[in-house]
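Trainee: Would you mind keeping the following structure in view while I ask a few things?
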Amino acid sequence: MKDFYKKLNKPIYALAPMAGVADSAFRQICKSFGADIVYSEMISATAIVYNSKKTLELMKFNKKERPYVVQLFGSKPEHFAQAVKIIEKKIRPDGIDINFGCPVKKVLKQGAGAALMADLKLARQVVEAAINNTSLPISIKIRSEVGKITALVFLKHLNDLDIKAVMIHGRTLKQGNSGEVNWQIIKQAKKYFRGVILANGGAIDKMSADKLLRLTGVDGVGIGQGALGKPWIFSQLATHNSQPITNKLIFKTAFEHAKLAHKLKGKRGMVEMRKHLCWYVNGMENASELRKELVKAEKIDDIKRILF
C-alpha cells in the first residue's frame, strides 16, 4: 500500500493514540471535526498472535476514519512479524504504528512501550520485523528521552530503516504526561529523520498547537489530552476564524458520541462513555451537578434527559 503521509496537507493534525479512549466512536467524532489522521488504542502484538477476538474487535474501524493507523506495543520481534501480517489481511488499515513511549508500569514490565525505546538493539529488531512483513507504511511514537536514550540517539540508530513517520512526545519518561515540553529536541529531530515528523505534548488548544508548530518547524501535531471532551479542537486548528463553542454544540456532540458508542458497544459503550461525558461538561457552571448525573447514565435516554 502507498504511503498516505505524503498526500496529507500540512500542517497535519492527528488524533494521538490513547489507550482506553481512542476507540472507533471517538475517532469518528474527531474525524467529523477534521482530524487528518486517527490512531487506534494501543494494541498488544502478542494478543493478536494468540488470536484474541477481543483484540481484533478493538482494531475494527469505519471507513470514515481513514487514514486510520493501528498502534502496536510489545517487545518480541517474532510477534510483530506475525501481527502485522494479520492486521494487513484482516483489518486493512492505512498504516501501522509502533509504540516506544508508553509510561504505564504494566507495559514497561513487559519490556514494551518506553522500556523498548531504551533497548536500541531490540527496538531495531522490532521495527525491522514489522517493515519486512507488511506493505503497510510503518511509523513510530517515541519520547524525548528514556533514561540515557534521547529521541535523537534513537532516530539516528534507525535512520536507515524505511520508517514513514514519527510522533515525538516532547516529555521524558520520568515526566509522564505533564511538565515542560522539550520542543528543541523535536526541532533537531529533522537532522536524523527524513519522514514526516509530528510533535506531541502540551497542544491543548489552537494557541499552544500553533506555538509548538512554530517552535519545532515540523510537519504537524499529535493531539491527545487536548481532544478529550473537545473534539472540535481539530476544526479550530485548521481555521483562523473558529466559532465560539456553545453549550448547544457541546451537548449535541456529546449526544452524537454517546449514540455511536452505544451502537458499536451496547451497554459497555455506555459505561465507557461516562468519562467522555464528564470531559465534555468540564468547565461549565453546573459541571459538578451534571457529572453526578452523567456517571450514573446507563441508557441513551438517560443521557438525553440530562443534557437536554
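The values are calculated or read from the model by the stated rules, or taken from the named source; none is laboratory data. Keep in mind it's a predicted model, so treat the numbers as computed, not measured. All Cβ positions, even for glycine, are placed from backbone atoms using ideal geometry, and neighbour counts span all protein chains on display.
Trainee: Within the stretch 224-247, can you find the residues that are at pLDDT 90 or above and either aliphatic (A, V, I, L, M) or touching a Leu at 6+ places or on another chain (Cβ under 6 Å) (or both)? Steps first, please.
Mentor: Just the residues of the stretch 224-247 that are at pLDDT 90 or above, to begin with: 224-237, 246-247.
Answer for the stretch 224-247, where residues must be at pLDDT 90 or above and either aliphatic (A, V, I, L, M) or touching a Leu at 6+ places or on another chain (Cβ under 6 Å) (or both): A227, L228, I233, L237.
Trainee: Could you list all residues from the stretch 145-170 that are in a strand (DSSP E or B) and either over 19 Å from R214 (Cα atoms) or modelled with pLDDT of 95 or more (or both)?
Mentor: E145, V146, I149, T150, A165, V166, M167, I168, H169
Trainee: All but one of (1) more than 26 Å from G34 (Cα to Cα); (2) surrounded by 14 or more Cβ atoms within 10 Å (Cβ to Cβ); (3) of a type outside the set (V, I, T); (4) without any contact (Cβ under 8 Å) to a residue 24 or more places away in the chain hold for E285; which doesn't?
Mentor: The one condition E285 does not meet is (2).
Trainee: Here are T246, T216: which of them is under 30 Å from I197 (Cβ atoms) and of a type in the set (V, I, T)?
Mentor: That would be T216, the only listed residue that is under 30 Å from I197 (Cβ atoms) and of a type in the set (V, I, T).
Trainee: Within the stretch 90-112, track down each residue that is modelled with pLDDT under 95, closer than 17 Å to T150 by Cβ and buried (at least 20 other Cβ atoms within 10 Å of the Cβ).
Mentor: Across the stretch 90-112, the qualifying residue is only G101.
Trainee: Restricting attention to the stretch 200-211, which residues are in a helix (DSSP H, G or I) and surrounded by 21 or more Cβ atoms within 10 Å (Cβ to Cβ)?
Mentor: A209
Trainee: Same structure again: In the list A45, A35, A81, A22, which residue meets the criterion of being over 25 Å from A129 (Cβ atoms) and either surrounded by 18 or more Cβ atoms within 10 Å (Cβ to Cβ) or at pLDDT 95 or above (or both)?
Mentor: A35
Trainee: Looking at (1) closer than 22 Å to L228 by Cα; (2) among the hydrophobic types (A, V, I, L, M, F, W, C); (3) surrounded by fewer than 24 Cβ atoms within 10 Å (Cβ to Cβ), can you tell me which one I197 breaks?
Mentor: Here I197 meets the rest and fails (1).
Trainee: Looking only at the stretch 134-144, count every residue that is outside any strand (DSSP E or B) and surrounded by 20 or more Cβ atoms within 10 Å (Cβ to Cβ) and tell me the total.
Mentor: Matching residues across the stretch 134-144 total 3.
Trainee: Would you please name the residue that is farthest from M18 (Cα to Cα), looking only at residues in the stretch 240-262 that are in contact with a Gly (Cβ under 9 Å, 6 or more places away or on another chain) and without any contact (Cβ under 8 Å) to a residue 40 or more places away in the chain?
Mentor: I250
Trainee: Just need a number here: residues in the stretch 74-122 that are under 17 Å from the mean Cα position of the chain (by Cα), closer than 28 Å to K63 by Cβ and of a type outside the set (A, V, I, L, M, F, W, C).
Mentor: Going through the stretch 74-122 one residue at a time, the tally reaches 6.
Trainee: A follow-up question, please. Just wondering, is there one or more residues in the stretch 172-189 that are under 22 Å from L15 (Cα atoms) and assigned to a strand (DSSP E or B)?
Mentor: yes
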